Each structure stands twice: as C-alpha cells, then as structure tokens.
Amino acid sequence: MKTRINLLCAALSLSAVSTLAAAPFTFGVIGDTQWSGADPTGNNINTVAVNQINAVNTQFVKAGVDFVIQVGDLTNTGSDASLKTRLDVNSALNSAGIAFYGLRGNHEATDANQAYFQNNYIPASSADVTVVKGPDNTSYSVTYKDTKLVLLDINTSTNTTTQAAQTTWMSNQLATTDHTQSFVFSHKNLLGQNHKDNQFGSSNDANPADQNTFFKALADNNVKYAISGHDHMHHRSVVTSPDGTAKVQEIITASDSYKYYTPSTPYSSRETPVAQELNKTGYYLYTVDGPHVTGKYYATTPLANGDIAANPTWSLQEKFGYSLNGTNTLVAQGGSFALTHSIASGTSFGENGYRGTTMAILSGTNGDTDKTYDGRALTKDLEIGWAPASHGPANSLSDVLRIWGMSDLGQGDQTDTFALSLTFDTSGLSLDTLSNYSIASLDAAGNWLNAVDLNFGGMKTFVAGAYDTRYTLGTYGVDLEKHTAWAVLNHNSDFVVSSAIPEPSTYALLGAATLGLIVFFRRRMR
C-alpha cells in the first residue's frame, strides 16, 4: 500500500508541475445583454440586463477567468447612459482584477454610439496585454499570453463598405508571430439562424467575394472558432466559404438578454450544424493550454419575463475543444467514429518530451438522433489532440491523447461506446505482467484511473490479447503483437498508457488518510 501511495503522490505532483509549465488560462464569453419590458426587481436600468450580467459575472469570478469578452448588443437603446451602465455593472470583475473587452452590436450602431465606445470601451496596452486598433478605430485586437483575440466592429446590413479593409487588417493581425492561438469575435454571425443579416450583408450569400477572403484569412492562420452573438441561442456549426475552399467553426452565444430567438428559414447548405439549444440564459468558459483549447457552455432556464432567477442553477451543457497538433472529423448520425492519428517524438507547438504515439478508434458509431429546431440532423465534431507524456502520471508510457466532441448536448462527458487503442513500448513485457498496464484517464478531481473505471456502466474485465468487436463496455487489454493498450469506453477524457494505476478505492483511502493526519495535527496543536 505504501508503494501505491508514493506512486500516487508522485503522479499528482508531476501533473501539477506540468500544468504550471503549460501556463493555461481561462477567459469568459457573455452574449447580448439588452433589457426591455417588465422588471419586478427594478435592477435592469437603462435598457441593460443588470441581473443577468451580475449572475454571469459571479460565475466568471468563481472560475477565476483572466478576462471577459462580450459579443455586442451591450444595451437595448445604445444611449450614453445605457453604455455607461453596462460598464458600471462590471464592478465585480473590476474588484477581481478581471479585464472586460466589449464589442458594439446593431443596438449601438450610430456614430454617437461609436464615439462613446471608442472613448470608454477600448483598453490601452499594458505590461501583459498588447492592444492594436483597426482602421475604423473601433475594431481592435488583444494579445495576451501567446493568444490573439480579434474583435471586429459592427457592419450594418445596408453598409458593408468597411468589410474589405477590416478583413485586411484582421488578416495582418492574425499573420503576426506574436501568438499561437487566435480567436475572432463579431456581433453578427457568419451564417445566422434567426437573423439573416450577417457580418457580410443582408443575406446568407451576400458579398461572396468578401466572404471568401474572410474565410481564407481564418483558415490560413489556424483560427478554429469565430464567436458571435445577435441570435440569442446556443448554436455551433461548421461553416464553409462560398467558394468551398475554407471552413471555420461558428459559435453563436446563448442569450443574456430578455430575448430568446428561434431559428427561421432560409438555411444555408454551407453549414453543418453540430449543437443547438434554445431558450436558455448562458455563458462560456474557454481554457487555452498551449496548442489545446477547451470550451464549456453553461446554461440556466430563464424566468417567464426573460430575466434570471435570484439564485440560478447553472448546468454544464456542453464541453468541446480542439488542438492545433491534432485532427478532427465530422461524424454524421449513424456514422463511424473510426479515426487514426499519430504524434511524432520530439517537440510540438513548443511542448517538449513527446515520445511518439499513435491512437486509433477501433469501433464506435454516432448514435445521436438530436436535430435542430427546424429538423436538421446534428453532426458530431470529433476532435483529438496531444500533450507530452509528462502531462500524464509519473509512470506514463505514451503521450497523452485528448478527445472532445463525442458527447451529446446535456450529457457531460458521456459518449456512445467506442474502442480506443494507444501504442506504447511493450518490449520486455510478459503475459503474467500485462494486467498491470492499461489506458488511464483523468477524473474530475485530477486523479489518474484506469479509463474503464470512469465509464458510465459496463463491467471491468482484463484481456491479454488483441481487441475484438465482441468485447463489451469495460473490457480492456494489452496487445503485444501490435504494441498497444486498448479499452472499450463511453466517455471523453484525457487518455494515456500507464502502469500500476491505483484503484479508485486507493484515492479514497489516501483522502481519508490525509484527513486523519489533518485532524491529528490539529489536536496536537491544541
């Protein structure tokens, strides 16, 4: 038992060191915050949804985000008083040292609104942040911890004459070498679900030449997420440029306003819907960890008047992400999850210590039957990425594989059943020691466990030999001929091949032992 606990402590210690070395950070995103109509609380003043902003900001402070971005429609009327109120409501963020970066929406589209925004909303550069204004003096970029954020000012549906200059400036910002990750934010969508006026004009296919140039700039510079507001619903989709040469994932943010929209026709054939949820108040957390990004969408049910409850219950509705050193595939309903990818030994996106590992999803099918409001089938965006072995437990024998996108909305990390394999060096192993080796996963408390211990159901069964499609959930093994460990799973997670992974009861025992030591020393101190 002592050996197991020492091994556990070493694993947790190394995991913590790796996290510090990677220097991850998290930022929050809030949607449109207009207010109008009945308000029994009397708090939602100057057409600003003060109650919702306060509730969401409380969550941002709890999460310890580094900054918050709002994707436009800060108010319902755009008056100076309302724009000031929107800034005043950020007192909780200000007290916590959390920066706020806003955008204008179509509710702040006048010249007077623009002047107030330019004078009061756009931050100055600091020791940690570099801010660059665009040619319109209202678009701006923020560079922070190797990440570039490009915030694009509003274009009206009848005047997009500034779009070409805006796209050129955006492209130049994205092409600089001062960042690894980059995100683009706008108020209007690339392809709207309720609204059809978008960043490029009054319809889905307005100004196709401008769209092609814009999408190409994103694709050429590894921008994976274009994040917007305007439609007051949670919607993720993969959007293709009119010429078919470039793609980006569009994330339309849930409402933080009294408005909750539903989709309407026409829809574009250039869009592949991935996730959709209507009639929820929501917010987002994005964690940047080197080449990896993980997004989380939280939501609560609004009151009848569109406002938020005094003590809202927030639920994690969806977790998604990507890695610049990985790959992705879109899996239609009923389609196979089969996927193979390798990471070479050495260095990847500034991270050292890769051993060189190949992953394979050996079996599994997208069993989702969910559709959008208007009846379009949702497609899974299966994303994988890699971290070096040092990000795993002390006894990692492969690089760490990260998987996102196999879960259904509202199901947490639970997925359809699939079989995963990872390569590792099996030289010197014998049949009587194989049961000490397995694919391990990271649980919510930061503990590395046998991956099948985190399954939703199933029976834990070890097999010395190759995977067979007849094996059921919870079966795992080692294949000496193919130099792989494999497991039948039903959860998204981080995965790594490891040896002597403790049973869940060992962590419980360690926790009890730690608590006992604390009690003992407290008594001695008294």
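Of everything in the stretch 390-402 that's among the small types (Gly, Ala, Ser) and within 15 Å of Asp289 (Cα to Cα), which residue is surrounded by the fewest Cβ atoms within 10 Å (Cβ to Cβ)? Step through it out loud before you land on a result.
Taking the stretch 390-402 first, the residues among the small types (Gly, Ala, Ser) are 390, 392, 394, 396, 398.
If we keep only those that are within 15 Å of Asp289 (Cα to Cα) as well, we get 390, 392.
Values: Ser390: 21, Gly392: 26.
Filtering the stretch 390-402 for residues that are among the small types (Gly, Ala, Ser) and within 15 Å of Asp289 (Cα to Cα), the one surrounded by the fewest Cβ atoms within 10 Å (Cβ to Cβ) comes out as Ser390.
Among the listed residues Asn212, Asn221, Asn198, Asn204, identify the single one that is of a type in the set (S, T, N, Q) and surrounded by 24 or more Cβ atoms within 10 Å (Cβ to Cβ). First the steps, then the outcome.
Numbers: Asn212 fails: surrounded by 24 or more Cβ atoms within 10 Å (Cβ to Cβ); Asn221 fails: surrounded by 24 or more Cβ atoms within 10 Å (Cβ to Cβ); Asn204 fails: surrounded by 24 or more Cβ atoms within 10 Å (Cβ to Cβ).
Result of the check over Asn212, Asn221, Asn198, Asn204: Asn198.
Of everything in the stretch 161-216, what is touching a residue at least 24 places away in the same chain (Cβ under 8 Å), small (Gly, Ala, Ser) and more than 18 Å from His232 (Cβ to Cβ)? Give them in sequence order.
Listed by number, the residues that qualify are Ala164, Ala165, Ser171, Ala175, Ser182, Gly201, Ser202, Ala206.
Considering only residues that are in contact with a Ser or Thr (Cβ under 8 Å, 6 or more places away or on another chain) and at positive phi, which ones fall in the stretch 408-443?
Across the stretch 408-443, the qualifying residue is only Gly410.
Among the residues of the stretch 207-236, write down those that are of a type in the set (A, V, I, L, M) and more than 26 Å from Asn76 (Cβ to Cβ).
Residues of the stretch 207-236 that are of a type in the set (A, V, I, L, M), as a first pass: 209, 217-219, 223, 226-227, 233.
Matches in the stretch 207-236: Ala209, Ala217, Leu218, Ala219, Val223.
Table: residues versus (1) in contact with a His (Cβ under 8 Å, 6 or more places away or on another chain); (2) aromatic (Phe, Trp, Tyr); (3) farther than 23 Å from Val293 by Cα.
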residue	(1), (2), (3)
Glu351	no, no, no
Gly367	no, no, yes
Tyr373	no, yes, yes
Arg376	no, no, yes
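Picking from Ala440, Ala419, Ala394, which residue would you name as being over 23 Å from the mean Cα position of the chain (by Cα) and under 19 Å from Gly474 (Cβ atoms)?
Numbers: Ala440 fails: over 23 Å from the mean Cα position of the chain (by Cα); Ala394 fails: under 19 Å from Gly474 (Cβ atoms).
Sole residue among the options that is over 23 Å from the mean Cα position of the chain (by Cα) and under 19 Å from Gly474 (Cβ atoms): Ala419.
If I filter the stretch 199-213 for residues that are among the hydrophobic types (A, V, I, L, M, F, W, C) and not in a loop (DSSP other than H, G, I, E, B), do I get at least one hit?
As a first pass, look at the stretch 199-213 and keep what is among the hydrophobic types (A, V, I, L, M, F, W, C): 200, 206, 209.
Filter once more, so that each one left must be not in a loop (DSSP other than H, G, I, E, B): 209.
Yes, the stretch 199-213 contains at least one residue that is among the hydrophobic types (A, V, I, L, M, F, W, C) and not in a loop (DSSP other than H, G, I, E, B).
Would you mind stating whether Val150 is under 21 Å from the mean Cα position of the chain (by Cα), crowded, with 24+ Cβ neighbours inside 10 Å and among the hydrophobic types (A, V, I, L, M, F, W, C)?
On the way: under 21 Å from the mean Cα position of the chain (by Cα): yes; crowded, with 24+ Cβ neighbours inside 10 Å: yes; among the hydrophobic types (A, V, I, L, M, F, W, C): yes.
Yes, satisfied.
Tally the residues that are of a type in the set (Asp, Glu) and more than 14 Å from Val274 (Cα to Cα), restricting the search to the stretch 237-253.
From the stretch 237-253, those of a type in the set (Asp, Glu) are 243, 250; that's our starting set.
With more than 14 Å from Val274 (Cα to Cα) added as a condition, the list becomes 243.
Selection size over the stretch 237-253: 1.
Kindly check whether there is at least one residue in the stretch 255-270 that is part of a strand (DSSP E or B) and in contact with a Phe, Trp or Tyr (Cβ under 9 Å, 6 or more places away or on another chain).
Let us first name the residues in the stretch 255-270 that are part of a strand (DSSP E or B), namely 255.
With in contact with a Phe, Trp or Tyr (Cβ under 9 Å, 6 or more places away or on another chain) added as a condition, the list becomes 255.
Yes - at least one qualifying residue is present in the stretch 255-270.
If Asp432 meets every condition in (1) closer than 30 Å to His235 by Cα; (2) modelled with pLDDT under 95; (3) not hydrophobic (A, V, I, L, M, F, W, C) apart from one, which number is that one?
Of (1) closer than 30 Å to His235 by Cα; (2) modelled with pLDDT under 95; (3) not hydrophobic (A, V, I, L, M, F, W, C), only one is false for Asp432: (1).
Under 8 Å by Cβ, and 6 or more places apart or on different chains, what pairs join a residue from the stretch 283-307 that is in a strand (DSSP E or B) with one that is aliphatic (A, V, I, L, M) and modelled with pLDDT under 95?
Asp289/Ala22
Go over the candidates Thr461, Thr475, Thr426 one by one and state the one that is in contact with a His (Cβ under 9 Å, 6 or more places away or on another chain), polar (S, T, N, Q) and within 17 Å of Ile501 (Cβ to Cβ). First the steps, then the outcome.
Numbers: Thr461 fails: in contact with a His (Cβ under 9 Å, 6 or more places away or on another chain); Thr475 fails: in contact with a His (Cβ under 9 Å, 6 or more places away or on another chain).
After ruling out the rest, the residue left standing is Thr426.
Test Gly405 against the criterion of being surrounded by 23 or more Cβ atoms within 10 Å (Cβ to Cβ), out of contact with any helix residue (DSSP H, G or I) (no Cβ under 8 Å at 6 or more places or on another chain) and at positive phi, and give yes or no.
Numbers: surrounded by 23 or more Cβ atoms within 10 Å (Cβ to Cβ): yes; out of contact with any helix residue (DSSP H, G or I) (no Cβ under 8 Å at 6 or more places or on another chain): yes; at positive phi: yes.
Yes.
I'd like to check something: does the stretch 366-376 contain any residue that is assigned by TED's automatic domain parsing to the domain that holds Ser493, hydroxyl-bearing (Ser, Thr, Tyr) and within 26 Å of Leu324 (Cα to Cα)?
Looking for residues that are assigned by TED's automatic domain parsing to the domain that holds Ser493, hydroxyl-bearing (Ser, Thr, Tyr) and within 26 Å of Leu324 (Cα to Cα), one finds none in the stretch 366-376, hence no.
Residue-wise test of (1) hydroxyl-bearing (Ser, Thr, Tyr); (2) in a strand (DSSP E or B).
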| site | (1), (2) |
| --- | --- |
| Val150 | no, yes |
| Gln166 | no, no |
| Trp169 | no, no |
| Thr177 | yes, no |
| Leu190 | no, no |
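As an exercise: evaluate Leu190 against (1) surrounded by 14 or more Cβ atoms within 10 Å (Cβ to Cβ); (2) more than 20 Å from Thr253 (Cβ to Cβ) and give the number of the one condition it does not meet.
All conditions pass for Leu190, except number (2).
Need at least 2 residues that are crowded, with 20+ Cβ neighbours inside 10 Å and either without any contact (Cβ under 8 Å) to a residue 40 or more places away in the chain or among the aliphatic types (A, V, I, L, M) (or both) per element, so show me which helices (runs of 4 or more DSSP H) inside the stretch 45-122 make the cut, counting only ones lying wholly within it. Talk me through it step by step, then tell me what you get.
Details: elements: 50-63, 80-88, 91-95, 111-120.
Correct list: 50-63, 80-88, 111-120.
Residue under question is Asn490, and the condition is that it be at pLDDT 95 or above and in contact with a strand residue (DSSP E or B) (Cβ under 6 Å, 6 or more places away or on another chain); does it hold? Can you show your working first?
Numbers: at pLDDT 95 or above: yes; in contact with a strand residue (DSSP E or B) (Cβ under 6 Å, 6 or more places away or on another chain): yes.
Answer is yes for this residue.
The values are calculated or read from the model by the stated rules, or taken from the named source; none is laboratory data. If you're wondering where the values come from, they're calculated on a predicted model, not measured in any experiment. All Cβ positions, glycine included, derive from the backbone under ideal geometry; neighbour counts span all protein chains shown.
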